[in-house]
Structure formats: structure tokens, C-alpha cells
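Taking it in order: structure first as C-alpha cells, then the write-up.
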Amino acid sequence: MTIGAWPAGIVGTLCLVAAFVFLTGGHDGTARTLTSAGGLAVLGFMAAGVTVGTATGLALALAPRRLLTSAPLRGLLAALTAGLPVAALSVAALTGDGYTLASYPPSIHFLTWSATLTVASLAAARSGEIAGWAPDTDGRR
């Protein structure tokens, strides 16, 4: 859930702010459309977060024990498992309908790749907890 909350919060907030702007500007239909789009985006990102989190947990559960004992390798596995599907979906969404990645302004690429890096970094940072390798109270594993 934590993996999907970051993109869901960002996109949902942007859609709700845009809906408020259109609502105060007198465009009721546009505000209603943006509000429903924001709600659907939040639900979609949360569903994607649950799916990516489940895949990351499964990858860490099936990984060899010697890989899990090394924090950098465990983090890399979690980051790749969580980040690659998000990056692939982002590229697929941007290149649909005959568009290329060059068709979009740099701001779209910045948002897309920062969301991907956020998801990957969050998965890497939490990989020890996901894999069940959180340190005990005395500092040993």
C-alpha cells in the first residue's frame, strides 16, 4: 500500500486542485470530470501499488537466503522488482496512440521518472521489512 500511496497522492492532489480551479472558473462539467478522474487515478495507483508490493514480496520470498542477507543486493532486487514494471507501464502509456517519448515536454518525463524512482527507492528502503530481515531489539538479525 505504501508503494502506491505516493503516486496516488500526487496524481489525486493534482486532479483535485485542477477540479477546484475549473469549479471556481465556472466549468462544472470539467470539474466533475476531473474529480472523477482524480478518484479513479487514486484507486488505480493504489491497486497498482498493492500489485507491485505483492510482486516485490514474492520476489524476496523466493530469493536465495545469501542474497537476502546482503542489504545492497536485497535492496537492488526489491528496487528492480518494483521499478521495472512501473517504468514499462509509464513508457507504454506515453507511447500509445502513435506518440513517441519525444512528443511530450520534459515535465512529463520528470514526473514519470521521479515516480518510478520513488517507488523503486521505497521498495529498496523497505526491503528488509518486506523480507522479514528487520533487526531485532538487540541489533542482531
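Excluding L60 itself, what net charge comes from residues whose Cβ is under 12 Å from its Cβ, given Lys and Arg +1 and Asp and Glu -1?
Details: positive: R65, R74, R126; negative: E129.
That works out to +2.
What are the ³J(HN,Hα) couplings of the stretch 32-40, residue after residue, when phi is run through the Karplus curve with 6.51, -1.76, 1.60 and θ = phi - 60°? Round to Hz, x for glycine and proline.
5, 5, 5, 5, 5, 5, x, x, 5
Pop out the ³J(HN,Hα) list for the stretch 74-89 in order, Karplus 6.51 cos²θ - 1.76 cosθ + 1.60 with θ = phi - 60°, rounded to Hz; leave Gly and Pro as x.
4, x, 5, 4, 5, 5, 5, 5, 8, x, 5, x, 5, 5, 5, 5
We did not get these values from a lab; they are worked out from the coordinates using the rules stated. No experiment lies behind these values; they were computed from the predicted model shown. Neighbour counts are summed over all protein chains in view; Cβ atoms, including those assigned to glycine, are modelled from backbone coordinates with ideal geometry.
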